[in-house]
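Here's the structure, in structure tokens; my notes come after.
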Amino acid sequence: MQNVCRYRLRDVMNLQLYISKKNTSRHSEYKEDYVLAIVDLDKASSYPRNFVCVLPQLSPTNKSSSAYLKLFGEESLPLAKRLLKKALKHEADSEVKTELQKRVDILEPKQNTIPCIRCGNVFMPKKFGKYQTKICSTCRTKTNSTPI
């Protein structure tokens, strides 16, 4: 329904996201999904003639065989990030913004950092089962190497 952002890929394609709502009902549930289609403005001026592919639900670890990943290959994740971020800047609808923000957060997971309880330096904790380390590796090696 809305054209939201543009990105020129290798000066060959003038790409833009086209966002549309898809209403689905299943077993007395009503759900609104957002379909993000990638369109090439150099092909034609209106949707669906300029359709390239649908932007799937991506994650950095997901290696599905979608048409998007086959078409853009190694550039698929950086391109998706750029298109989503530009769409987020230009979008006015709050529901669409939250959907775009969810997809950006999936592509850019936040690093979990905490301060060390001994020295106060910030570090990324390791998980052992359901437990997290609270002491950084330098403090851990100091305590392990001190003679008794």
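The amide H of Tyr34, built 1.01 Å from its N in the peptide plane, has Lys22 as neighbours under 5 Å, considering only residues 5 or more places off or on other chains. Each peptide in 22-34, 123-135, 85-97 gets a packing score, the mean of other Cβ atoms within 10 Å over its residues, and the list from highest to lowest is 85-97, 123-135, 22-34. Judged by the ratio a/c of the largest to the smallest principal axis of the C-alpha gyration tensor, region 63-116 counts as oblate, that ratio being 1.5 or greater while a/b is no larger than b/c.
Given a Förster radius of 25 Å and the C-beta distance between Ala92 and Gln57 as r, what FRET efficiency does 1/(1 + (r/R0)^6) yield to the nearest 0.05? If you can, show how the numbers build up before the last one.
On the way: r = 23 Å, r/R0 = 0.93.
Rounded to the nearest 0.05, the efficiency is 0.60.
Quick note: the coordinates plus some simple rules give every number you see, no bench work behind them. Here the structure is a predicted model, which means the values were calculated and not measured. Positions of Cβ are backbone-derived with ideal geometry, glycine not excepted, and every protein chain shown enters the neighbour counts.
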